[in-house]
Amino acid sequence: MKFWHEEARAIEDREFLMIPGPVSVDDEVLEALARPVRAHYGDAWTQLYKHAVAGMRQVFRTEGEVHLLFGSGMAGVEMCIASVLGPGDEVLVAANGLFGDRMAEVATANGLRVHIVRPGLAEPVTAAMMRDALASHPDVRAVCVVHHETSVGILNEVEGICRAAREHGALTIVDGISAVGGVPFEMDAWNVDLCVTVANKCIGGAIGVAPVAAGPRALEALADGRAKAAGWYLNLATWKRFSEEWSGWHPHPTTVPTNVIEAFDVALTGLLDEGVENRWRRLARARDRVREGLEEMGFPMLSPVATASPVTTAAYGIPGMNIPDYMGWLLREHRIRIGGGLGELSGKIFRVGHMGRAAEPEAIDRYLRLTSEYIEEKRLSPARP
Ligand SMILES: *Cc1c(COP(=O)(O)O)cnc(C)c1O
C-alpha cells in the first residue's frame, strides 16, 4: 500500500511551483510534515520551538523577540499593526501594489487614521517620498512598508524608509513576507521595530506559520498604557506573556501546527546551513538566470534590475502573446505554475518566483526551454525597441 504522500511525490510534486509563494519544498520538509503528530507542549516540543525561534533571530538579524504565529502572513501584519497602535492613531503606509494596499486595509480595519504614499505603477517607494509625507503628517506614529512588493516584483527602500521613520520618532512595521531569508535584510541595523515573514516563501517551508519579530521600541509600545486595537489572539502582548510565563513547557498561547513547525525547523536549518547571505546570493543568481533567459527571447521586464526584486521576476509578454494562454499551457502540458499580473496588470504581465525549489538551475532552464518552445509553436516574435 502506498501512503498519500508517496503518491503525491510519485507524480512529481503534482505541480511544480514557480510562483512568488507558496513554494515547492524539499523532500526533507515533506518528510517532516508526514511524521506522526506530536503535542504542542512538553520538553522536547519546547526545545524544538525555541530552536526555530533562535534560527529565525539569525534570519531576521535581530537580538529582539521572535514568535512563531500560527496563521498566514496577513495575520502577522495585523498582529504587528494592532499590537502597538490604537483607534485614531495615525499611520503612514507605503503602497505600490496589492500588499501595500492590504497593509492600509488592515490599518483602516483596526480603526487607525491612514495616510498613503503611492508612487506610479511599477515604481518603488523611496525614502525621500516617505520623508516628504512624514513632514506633512507630523502626528504619524508608525510607518508601514512592504519590503518586497510581490505583486510587481519590486523592492522598496526599506533601510532608508526606516531611517526616515526613526528620525521622525515613528515606529516601523515591515511586511517582509516575501523578502526575509531571500533578500538582504537587517532588522536591528536598519532599526526595524516590527517585522513579519512566512515559512512558505523564501525560507522554503510549508504553509502555516508567520514568524513575527519585535525590537525593543515595539516591546516598549506594548506596555505604554495607550489603548491598542488588538484583541487577544493577534496581540503580541499575549504571545510575549505566554513565552515568558509558560516558557518551560508551552511557550505560545494556543495549540500550534506542530508538524508545520517541525517542517519549518528543517527548512530553516537548511537555510542556516547554507548561510543566510549565501541564500541571498543564490536567489539573486536565479533571478539573473531567469531575467537573462527571458530578455534573450525578447520579453520586456516590468522594472529595471536596480529596483527588481531578487526573488520574483515580472515581465510583459512579447507582442501578440496571450499571457493567460501561455500560463495555462505551462500548467496543463508541463505541470509548471507561474504567477500572473494583479489589478491593472492582470493579463499584461506574468511573474516567476525564485524561492524554494524554483531557484534550482535545472528547473529554471527547463522553464526557459519550454517558454522558447511555446513562442515557436505560436510563431511569436520578440519585441523590437
Ligand atoms: C504573500 C504575501 C502576503 C500574503 O501572505 P498570506 O500568507 O497570504 O497572508 C502579504 N505580503 C506580501 C509581501 C506577500 O508576498
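With the simple model of a label 7 Å out from the Cα in the direction of the Cβ, Leu342 to Glu292 spans 3.0 nm.
Neighbour counts of other Cβ atoms within 10 Å put Glu149, Glu344, Glu360 in the fewest-to-most order Glu344, Glu360, Glu149. Zone of Ala306 (label point 7 Å along Cα→Cβ, backbone N under 16 Å): which residues in the range 144-168? Taking a point 7 Å out along Cα→Cβ of Ala306, the residues of the range 144-168 whose backbone N falls under 16 Å are 154-158. Once Lys and Arg get +1 and Asp and Glu get -1 on their Cβ, which of Met187, Met297, Ala170 lies farthest toward the positive end of the dipole of the chain? Comparing the listed Cα positions along the dipole, Met297 ranks first.
Of the two radii for the range 28-271, the radius of gyration is 0.97 times the Kirkwood radius, both from the alpha carbons; that is the Rg over Rh value.
Overall, the chain carries a charge dipole of about 420 debye about its Cα centre when +1 sits on the Cβ of Lys and Arg and -1 on the Cβ of Asp and Glu, all other atoms neutral. Subtracting the Cα-Cα distance of Trp232 and Ala39 from 0.36 nm times their residue separation leaves 67.2 nm of extension gain. Cross-link partners for Lys240 among the lysines, with Cα-Cα distance under 22 Å and sequence neighbours closer than 8 places in the same chain left out: Lys50, Lys228.
Residue separation of Glu105 and Phe242 scaled by 0.36 nm, minus their Cα-Cα distance, works out to 46.4 nm of gained length. When only Cα pairs below 8 angstrom with a gap of at least 6 residues are kept, the range 28-271 shows a relative contact order of 30 percent. Beta bridges assigned by DSSP with both partners in the range 28-271 are antiparallel in approximately 40 percent of cases. Report the far tail of the P(r) of the range 99-173, meaning the percent of Cα-Cα pairs longer than 21 Å. Everything past 21 Å amounts to 20 percent. Cross-link partners of Lys378 among lysines, defined as those whose alpha carbon lies under 30 angstrom from its own and excluding same-chain residues fewer than eight positions apart: Lys348. Remark: Thr371, Thr108, Thr258 ranked as Thr108, Thr258, Thr371, counting other beta-carbon atoms within 10 Å and listing the fewest first.
With contacts taken as Cα pairs under 8 Å at a separation of at least 6 residues, the range 226-341 carries a relative contact order of 12 percent.
With a Förster radius of 30 Å applied to the C-beta separation of Ala189 and Gln47, the computed FRET efficiency comes to 0.55. Under 13 Å from a label point set 7 Å out along the Cα-to-Cβ vector of Trp249, the amide N atoms of the range 38-57 belong to 40-46.
Give, to the nearest whole percent, the P(r) tail of the range 46-180 beyond 19 angstrom, counting all Cα pairs. Every Cα pair in the range 46-180 considered, those over 19 Å come to 50 percent. Arranged from fewest to most other beta-carbon atoms within 10 Å of their beta carbon, Trp249, Trp280 become Trp249, Trp280.
Rule-based calculations on the coordinates, nothing more; no lab input. Treat the numbers as computed from the prediction; the structure is a model and nothing was measured. As a convention, Cβ positions derive from the backbone with ideal geometry for all residues, glycine included, and neighbour counts pool all protein chains shown.
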